[in-house]
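Working notes, beginning with the structure itself.
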Amino acid sequence: MSNPQTVPSQASARAAAAARDRQPMETRQAFKTTEFMVYIAAVVAVVITAWVVGADRRGGLDPFGAEQAIRYITFLTIGYMLARGLAKAGSWTRRDDR
C-alpha cells in the first residue's frame, strides 16, 4: 500500500507542470548573438584605432586618445545593453509555444 503523503495527487502534479510551463525562456544566450560579436569587433576596432593613431613626430596633440576611446567604448556598451533589452522585451513565452 502506498503512502498518500509521498505520492503527489494528480491536481498537484498538474499545478507543478503548469508552473514549469510558465517559466520564462531566454531568447538566446548573450554570447551567441550577432549583437555581441559586432560589439566585440567594434570595441577592438576602437582600441586598435586609439593605439595606432597617435601624436605626430612634430609633437602635436593626439587626435584620438585614450579618453575618447573610453568614451566610445562606453557608448558602444550602452547601445549593446539597449539592444539586448529590446531583444528580451518580448521573450516571455510558455514552453509549449514553440
Would you mind telling me which numbered condition in (1) at pLDDT below 70; (2) open to solvent by less than 90 Å² (accessible area, probe 1.4 Å) residue 62 fails?
(1)
Near pairs, Cβ below 9 angstrom, 6+ apart or cross-chain, from the stretch 36-56 (farther than 13 Å from residue 66 by Cβ and among the β-branched types (Val, Ile, Thr)) to any residue that is in a helix (DSSP H, G or I) and open to solvent by less than 50 Å² (accessible area, probe 1.4 Å)
38/80; 43/73; 43/77
Residues located in the stretch 69-88, provided they are free of Cβ contacts under 8 Å to residues at least 12 places away in the same chain and closer than 15 Å to residue 49 by Cα
70, 71
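The values are calculated or read from the model by the stated rules, or taken from the named source; none is laboratory data. Just so it is clear, the model here is predicted, and its values are computed rather than measured. FYI the Cβ positions are ideal-geometry reconstructions off the backbone, even for glycines, and counts take in every protein chain you see. Just so you know, the surface numbers come from the protein's heavy atoms only, side chains and all, with ligands and any DNA or RNA stripped out. Shrake-Rupley method; radii C 1.70, N 1.55, O 1.52, S 1.80 Å.
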